[in-house]
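The values are calculated or read from the model by the stated rules, or taken from the named source; none is laboratory data. These figures come from a predicted structure and were not determined experimentally. The accessibility values were calculated without ligands, DNA or RNA, using every heavy atom of the protein model including side chains. Shrake-Rupley method; radii C 1.70, N 1.55, O 1.52, S 1.80 Å.
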Amino acid sequence: MLIMQASANSPTLASSREKFFWSGIWIYSLATGLASMIFMAWAFYVESVEGRGALFIEPNRVLAAGELATVATGMLALFILFLRGLGRSD
């Protein structure tokens, strides 16, 4: 009976969905940031220690577009989190 009375628009349910959404954005941003840092550390190592340039060109255009989309959406997620943080200045 209590389950039927709780609607999808209840404040508790909306609050948990919002927390889940922002947690997902945060985790996605963190994962793309860490992957980028690992790649840049590898590129720095190759260029400084081994003395050769680190150039990686993806031959598959679909994968290259997917990688570019991952970077772009990661940057967008970080920007959204930044703006959300500005809005919550206490």
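Some observations on this one:
- Net length gained if the chain between residue 26 and residue 41 were fully extended (0.36 nm per residue, minus Cα distance): 3.2 nm
- In terms of accessible area, using a 1.4 Å probe and ignoring ligands and nucleic acids, 28, 45 rank largest first as 45, 28.
- Cα shape, segment 20-61, gyration tensor, a/c 1.5 rule: oblate
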